[in-house]
Amino acid sequence: MIVSTPLLRELKAAWPDVVIHVAASSVNHDIIRDCPHVDRTVLWDHGSLLYNLKVIAGLRRQRYDLILSMSLRFSPSYQFYLKLLGGRHLHGPRIAKYGTTTGNLGMYDHTVDYPADRHILQTYFDALGAYKPENIDYRYELYNVDAYAGKALAFVAGLEDSYAGLVCFNYQGSCANRTLGKEDAAALCRQLADRYPDYAIVVIHPPGDRERAAAVVAGSDRANVMLSFATAHVLELAALVRECDLVVSPDTAVIHIASVYNKKVLGFYVNSGNHRWFYPMCDHFRIMLSPTDSINDIDSQATISAIDELMAT
């Protein structure tokens, strides 16, 4: 959802009178709810058939001129739901499956390939076809972060007299093989702490995982490695990331939040091609690509060298 925010801004800038609705899951809804370029957000968690049909019935009454599907799914049920929405035009990805492609279904007006060697946001814009704006600004956005910034500002204020800056360290990825193990995370924090003693190394964690984060901090055994306050909302996390100088994280939303604020980013990616679709959209970043399907196999010395390069910029 964060990656998609430039699409909404640029559409509204190109056609100020257009009405934009966004269907979002409960996971993404808080990201887009206060977007000034969106006229309405629709909460849609794909659930039972009855639930989905109720949501679709409400959307169908809007009589949309254009429906833009951002999903790379090609399931019969999903395509059926798109058809039921009843938009005058349907744009989306060209996905090959079942011996055909979405472009051959007779329901799309425009489909595009999603090449693996370019950022996915560029392809999102290509999916607009004739509606693609000119002179696109690919900068990400977040909205209403200041309303959630109280804890972050207080936390950072308590560190300003002791440290020259902050490093945000995230060990949690989207799944097990994209998550740094406790020992590896603690070892990297220890190296960072020794190399940059004037910086506070702040370990963040997802809700409900504070015990493991505390174990990483304890395992580092360094005074300038510390546990973040417990963030209860994604925009609280954004407010903290906004105050940091460097963000170290696996490929997950934290990297995209850091890109919103043009932070220096060190990203861990597994060797799946995802680093081409979802690389950080900021001025200064380094990607550490694992030779295997686990980020724990990334060379730690190469990681420190990449961080040194970033800190020198």
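No value in this document is a laboratory result; all are computed from the given coordinates. Everything quoted here is computed from the prediction, not taken from an experiment. Here the Cβ positions follow ideal geometry from the backbone for every residue, glycine too, while neighbour counts run over all protein chains shown.
Take the Cα atoms of region 192-281, find their three principal axes, and give me the spread along each one in whole Å, biggest first.
Here the Cα extents, ordered largest to smallest, are 37, 31, 24 Å.
Separation of region 268-297 and region 101-122 by C-alpha centroid, Å?
One Cα centre to the other: 23 Å.
Counting only C-alpha contacts under 8 Å and six or more residues apart, can you give the relative contact order of the chain as a whole percent?
Reported relative contact order: 15 percent.
Once the principal axes of the Cα atoms of the chain are found, what is the range along each, listed largest first in whole angstroms?
61, 42, 41
How much length is gained on full extension from Ala223 to Ala176, taking 0.36 nm per residue of separation minus their Cα-Cα distance?
Between Ala223 and Ala176, full extension yields an extra 14.1 nm.
What number results when the radius of gyration of region 1-141, computed over Cα atoms, is divided by 2.2 N^0.38 Å?
Dividing the Cα radius of gyration by 2.2 N^0.38 Å gives 1.03.
Under Stokes-Einstein, with the Kirkwood radius over Cα pairs standing in for Rh, what whole-number D in µm²/s applies to region 74-178 at 20 °C and 1.002 mPa s?
Translational diffusion coefficient: 116 µm²/s.
Under the 0.36 nm per residue contour assumption, what length would be gained going from the current alpha-carbon distance of Met107 and Ser26 to full extension?
26.4 nm
Report the Cys residues of the chain lacking a disulfide-compatible partner, meaning no second Cys Cβ under 4.7 Å from their Cβ.
Cys35, Cys175, Cys189, Cys282
Consider a paramagnetic label point 7 Å from the Cα of His284 along Cα→Cβ; state which residues of region 291-313 have an amide N under 20 Å from it.
The answer is 302-313, whose backbone nitrogens lie closer than 20 Å to the label point.
Could you compute the longest span of the chain free of trypsin sites (Lys or Arg not before Pro) located in DSSP loops and having at most 11 other Cβ atoms within 10 Å, not counting the site residues?
My reading of the result: 89-313 is the longest stretch.
What number do you get for region 1-47 when its Cα radius of gyration is normalised by 2.2 N^0.38 Å, N = residues?
My calculation over the Cα atoms of region 1-47 gives 1.13.
Here are some pairs, Lys182/Lys264; Lys83/Lys132; Lys12/Lys263; Lys182/Lys263; Lys54/Lys151; Lys54/Lys132; which of them have Cα atoms lying more than 29 Å apart in this structure?
Check vs 29 Å cut-off fails for Lys54/Lys151; Lys54/Lys132.
Hey, rough spin-label estimate for Arg73 and Trp15, points 7 angstrom out along Cα→Cβ, what's it come to in nanometres?
So the label points at Arg73 and Trp15 sit 2.6 nm apart.
Quick one: if you stick a label point 7 Å off each Cα along the C-beta vector at Asp45 and Ala157, how many nm between them?
3.6 nm
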